[in-house]
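See below for the structure under consideration.
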Ligand code: ADP
Ligand code: MG
């Protein structure tokens with residue numbers, strides 16, 4: 001349905017310098033696919049989406065839509081845009097029109113639909129997004145989640161071949177994200193072709209047929225959710241999808257605030273909703289820092305937790321050490337058994353900066 005070859009896009013800054021936002025984007029999208037585009041901010045995800053429907057004309061390359069290059073000057077962009085719906089982060093509803101008029105406006109205006117028929121179909125679409133009761137109110141009377149559902153109904157009213165979504169839930173209050181994602185899940189089940197820029201990792205993993213990980217202006221990795229989330233080829237993909245939250249400390253000198261560290265670790269457990277791990281984190285840290293590794297300094301301690309996998313790790317790295325501290329000094333057996341009792345796994349690994357003992361909590 002869509003083929004993108006060597007797509008590039010540069011912007012010229014006011015000072016005359018040029019930034020290359022899209023460098024060499026290549027992909028192919030088939031009918032019925034649900035593609036999630038993920039990646040750090042500023043890597044060109046929105047620019048890519050806007051290039052696809054020529055809201056942001058590319059600088060180079062080609063985009064074939066149903067076999068025709070839309071960058072061709074003779075190409076009828078108006079006809080293409082009718083087949084390519086777009087849902088924006090900030091809804092972009094017509095504020096002076098009722099909800100139903102928002103939905104029927106484009107079909108009446110562009111497709112010359114019969115007004116009565118358009119209203120009938122519009123009500124049907126509002127039913128699918130759960131907003132029949134709001135048909136005659138104005139957007140200002142709706143919540144963010146409701147506005148976004150109207151925007152989706154409005155895009156569907158044109159009977160598009162594909163809908164592009166640019167972070168449709170990122171302007172919403174967290175309580176309203178679910179209702180919008182639920183409508184999008186429903187569309188995915190109905191085999192609507194969709195390209196979705198999103199930060200909702202669990203949603204991307206569950207609904208997508210394929211995921212594009214964008215990084216630095218290229219599609220860095222393109223694969224099934226299983227590949228991207230469970231067996232990514234690139235380490236950059238892995239770090240991004242695992243959304244690993246880290247809390248690092250460097251114990252270099254004598255004036256290190258040890259109680260302060262434990263308190264920050266507790267706050268970290270609360271912040272990432274793992275209060276049940278607080279006790280194990282404190283015990284393991286105490287035993288490692290005060291007993292097992294007491295003769296090994298400087299020490300780097302990192303508490304990490306992944307939202308995606310639910311895994312929590314405490315890593316203790318003795319800087320500059322190549323061998324395991326356990327080989328150099330027999331670990332205190334009582335301390336070690338206490339740590340084993342409070343953890344799931346103890347991993348010993350050399351790194352470029354030193355030797356690391358990683359405890360899975
Ligand atoms: P993402 O959606 O991945 O966060 P964007 O596509 O919005 O990234 O932007 C990528 C880069 O392009 C950013 O550095 C942004 O500042 C720049 N950019 C986007 N649009 C313009 C523009 N119209 N003029 C100049 N720079 C732009
Ligand atoms: Mg963006």
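Go over the candidates 21, 37 one by one and state the one that is within 21 Å of the chain's Cα centre (by Cα), buried (at least 18 other Cβ atoms within 10 Å of the Cβ) and within 26 Å of residue 146 (Cβ to Cβ). Please lay out each step first, then the result.
On the way: 21 fails: within 26 Å of residue 146 (Cβ to Cβ).
Unique residue meeting the criteria: 37.
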Handout entry: Those residues of segment 214-230 which are within 16 Å of ligand 1 (Cβ to nearest atom) and either more than 20 Å from residue 23 (Cβ to Cβ) or free of Cβ contacts under 8 Å to residues at least 40 places away in the same chain (or both), in sequence order
Key = 221
Handout entry: Condition check for residue 36: within 16 Å of ligand 2 (Cβ to nearest atom), within 28 Å of residue 204 (Cα to Cα) and not in a strand (DSSP E or B)
Key = no
Handout entry: Unique match (being assigned by TED's automatic domain parsing to the domain that holds residue 313 and either touching a helix residue (DSSP H, G or I) at 6+ places or on another chain (Cβ under 8 Å) or free of Cβ contacts under 8 Å to residues at least 24 places away in the same chain (or both)) among 211, 233, 270
Key = 270
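Listed here are the residues, each with its yes/no results for (1) assigned by TED's automatic domain parsing to the domain that holds residue 201; (2) assigned to a helix (DSSP H, G or I); (3) out of contact with any helix residue (DSSP H, G or I) (no Cβ under 7 Å at 6 or more places or on another chain); (4) within 16 Å of ligand 2 (Cβ to nearest atom).
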residue	(1), (2), (3), (4)
28	yes, no, yes, no
31	yes, no, yes, no
79	yes, yes, yes, no
93	yes, no, no, no
Fill in the blank from the handout: Listed by range, strands (runs of 3 or more DSSP E) wholly within segment 167-264 having at least 1 residues that are under 18 Å from the mean Cα position of the chain (by Cα) and buried (at least 19 other Cβ atoms within 10 Å of the Cβ) are 193-197, 210-215, 218-223
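Just checking, which of 46, 36 is in the same structural domain as residue 237 (by TED's automatic domain parsing) and more than 9 Å from ligand 1 (Cβ to nearest atom)?
36 is the lone residue from the list that is in the same structural domain as residue 237 (by TED's automatic domain parsing) and more than 9 Å from ligand 1 (Cβ to nearest atom).
Determine whether segment 136-152 contains at least one residue that is touching a helix residue (DSSP H, G or I) at 6+ places or on another chain (Cβ under 7 Å) and under 30 Å from residue 7 (Cβ atoms). Please lay out each step first, then the result.
Residues of segment 136-152 that are touching a helix residue (DSSP H, G or I) at 6+ places or on another chain (Cβ under 7 Å), as a first pass: 136-137, 139, 142-150, 152.
This time we only want the ones that are under 30 Å from residue 7 (Cβ atoms), so: 148, 152.
Looking through segment 136-152, at least one residue is touching a helix residue (DSSP H, G or I) at 6+ places or on another chain (Cβ under 7 Å) and under 30 Å from residue 7 (Cβ atoms).
Take the residues in segment 180-206 that are touching a strand residue (DSSP E or B) at 6+ places or on another chain (Cβ under 6 Å) and closer than 23 Å to residue 25 by Cα; name whichever of them is nearest to ligand 2 (Cβ to nearest atom). Before you say what the answer is, go through the steps one by one.
Keep residues of segment 180-206 that are touching a strand residue (DSSP E or B) at 6+ places or on another chain (Cβ under 6 Å), which gives 188, 193-198, 204.
If we keep only those that are closer than 23 Å to residue 25 by Cα as well, we get 193-198, 204.
Working: 193: 20, 194: 16, 195: 13, 196: 12, 197: 6, 198: 10, 204: 15 Å.
Here the answer is 197.
Quick one: would you say residue 7 is buried (at least 19 other Cβ atoms within 10 Å of the Cβ), within 13 Å of ligand 2 (Cβ to nearest atom), at pLDDT 95 or above and farther than 18 Å from residue 223 by Cβ?
Numbers: buried (at least 19 other Cβ atoms within 10 Å of the Cβ): yes; within 13 Å of ligand 2 (Cβ to nearest atom): no; at pLDDT 95 or above: yes; farther than 18 Å from residue 223 by Cβ: yes.
Criteria not met by residue 7.
Can you pull out every residue in segment 237-257 that is touching a helix residue (DSSP H, G or I) at 6+ places or on another chain (Cβ under 8 Å) and within 17 Å of residue 315 (Cβ to Cβ)? Steps first, please.
Of the residues in segment 237-257, the ones touching a helix residue (DSSP H, G or I) at 6+ places or on another chain (Cβ under 8 Å) are 237, 241, 243, 245, 247, 249, 251.
Passing the criteria: 245, 247, 249, 251.
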Practice task
Could you check how many residues of segment 42-67 are within 16 Å of ligand 2 (Cβ to nearest atom) and either within 13 Å of residue 2 (Cβ to Cβ) or part of a loop (DSSP other than H, G, I, E, B) (or both)?
Solution key: 10
Practice task
Read through the list (1) within 16 Å of ligand 1 (Cβ to nearest atom); (2) modelled with pLDDT of 95 or more, then give the number of the only condition that residue 193 fails.
Solution key: (1)
Exercise for the section: Can you give me the number of residues within segment 308-361 that are part of a loop (DSSP other than H, G, I, E, B) and either in contact with a helix residue (DSSP H, G or I) (Cβ under 7 Å, 6 or more places away or on another chain) or outside the structural domain of residue 285 (by TED's automatic domain parsing) (or both)? Expected result: 6
Practice task
For segment 102-121, indicate whether the set of residues that are surrounded by fewer than 16 Cβ atoms within 10 Å (Cβ to Cβ), without any contact (Cβ under 8 Å) to a residue 24 or more places away in the chain and under 27 Å from residue 181 (Cα atoms) is non-empty.
Solution key: yes
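The values are calculated or read from the model by the stated rules, or taken from the named source; none is laboratory data. Bear in mind that the values here come from a model prediction, so they are computed numbers and not experimental data. Every residue, glycine as well, gets a Cβ built from its backbone with ideal geometry; the counts of neighbours run over all protein chains shown.
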